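One structure is given here, and the rest of the page talks about it.
What follows is calculated from the coordinates using simple rules that are stated; it is not laboratory data. Because the structure is predicted, anything quoted here is derived from the model rather than measured. Please note: Cβ atoms are built from the backbone with ideal geometry, for glycine as well, and neighbour counts cover all protein chains shown.
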Amino acid sequence: MSDLDVVSLRKEYPTRGEPLVVLQQADLALNAGENLAIIGPSGSGKSTLLYCLGALESPTSGGVALDGQNPFELAEPQLADFRNRKIGFIFQDHHLLPQLSVLENVLVPTLAGGAASNEAVERAKYLIDGVGLTSRISHRPAELSGGERQRVAVARSLIHQPRLLLADEPTGNLDRTNAETIGRLLLDLQSQENAMLIAVTHSMELAEMFAARRSLDDGRLT
Ligand SMILES: Nc1ncnc2c1ncn2[C@@H]1O[C@H](COP(=O)(O)OP(=O)(O)OP(=O)(O)O)[C@@H](O)[C@H]1O
């Protein structure tokens, strides 16, 4: 058994006619400290796969086990807690809250139980330093460049020391130089934190920075 096991994952979306099969028999296994890029053209099901891995979407059939736990067996709010503590998400368009500072944005995932603890604030500052934004800690997203915003999103994704980092086109909106910087940063932090990282992308440049690559074709991981 690996730290992450995905077995025969199938995802269909209902339509007025035949259901649309987006994933079929997708299998993968990953261990702590490993990273994987999944490449596929637009519409091939990359985001759907990532959402199933992140327990944001339930698969039609098949299973996901993270540290031996199948999240789809959990009821809310245990599922929300599992997602919050075990999984870090990075999206193409950062999803930062415009009215909050860099520090506050990084702390958002810790606020479910009320005010951020001193420990969380220390960890947020450590991560903001790690992504090179200490001098911007009080800035709002609108006062940052696109690459800087994505660095904040990377720091935020790591706040709970997640076991699994999921990145959906993390460099999709960035120019080549910034894309390379974010790719490198993600991989460095993932290795430092001994997390698993799965990124879906159509960028070969990004995929080539990863230790392993798979393609998503016709709903199958090859
Ligand atoms: N909620 C939904 N209901 C019905 N069909 C959906 C739904 N979500 C996605 N799809 C369809 O599933 C297919 C895969 O979508 P998905 O977003 O996973 O692809 P993708 O590889 O991430 O694409 P892109 O690179 O363009 O973001 C597409 O044909 C899409 O139209």
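Over 5 Å intervals from 0, what percent of Cα-Cα pairs in region 121-180 sits in each interval? Pair shares across the bins are 4, 18, 28, 24, 19, 7, 0. Evaluating 6.51 cos²θ - 1.76 cosθ + 1.60 at θ = phi - 60° for every residue in region 215-222, the Karplus couplings come out as 10, 9, 9, 6, x, 10, 8, 10 Hz, glycine and proline recorded as x.
Set the Förster distance to 22 Å, then compute FRET efficiency between residue 100 and residue 80 from the Cβ-Cβ distance, nearest 0.05. Walk me through the intermediate numbers first.
Numbers: r = 21 Å, r/R0 = 0.94.
That pair, residue 100 with residue 80, gives E of 0.60.
Rounded to the nearest 10 degrees, the inclination of helix 146-157 to the longest alpha-carbon principal axis of the chain is 80 degrees.
Between the C-alpha center of region 39-77 and that of region 167-194 there is a gap of 22 Å. Evaluated with a Cβ-only charge set (Lys, Arg +1; Asp, Glu -1), region 1-112 carries a dipole of roughly 220 debye about its Cα centre, given to the nearest 20. Taking 0.36 nm per residue of separation and subtracting the current Cα-Cα distance, fully stretching the chain between residue 126 and residue 220 would add 29.9 nm. Counting other Cβ atoms within 10 Å as a rough exposure proxy, the listed residues 149, 16 run 16, 149 from fewest neighbours to most.
Stretching residue 194 away from residue 15 to a fully extended chain increases their span by 60.4 nm, per 0.36 nm per residue minus the current alpha-carbon distance. Listed by chain and number, the lysines whose C-alpha is less than 18 Å from the C-alpha of residue 46, apart from same-chain residues fewer than 8 away, are 11. Note on residue 125: lysines with a C-alpha under 27 Å away, same-chain residues under 8 apart excluded, are 86. Taking 1.567 mPa s as the viscosity and 4 °C as the temperature, the Stokes-Einstein diffusion coefficient of the chain based on its alpha-carbon Kirkwood radius rounds to 73 µm²/s. In the calculated pair-distance distribution of region 1-127, the portion above 27 angstrom amounts to 31 percent of the Cα-Cα pairs.
What does the charge dipole of the chain about its Cα centre add up to, to the nearest 20 debye, if the Cβ of each Lys and Arg holds +1 and the Cβ of each Asp and Glu holds -1? It would help to have the intermediate numbers written out before the result.
Numbers: 20 positive and 28 negative charges, 49 e Å.
Dipole size: approximately 240 debye.
With r as the distance between the Cβ atoms of residue 108 and residue 31 and R0 = 41 Å, compute the FRET efficiency 1/(1 + (r/R0)^6) and round to 0.05. Each step should come with its number before you reach the end.
Values: r = 29 Å, r/R0 = 0.70.
Given R0 = 41 Å and the Cβ-Cβ separation, E is 0.90.
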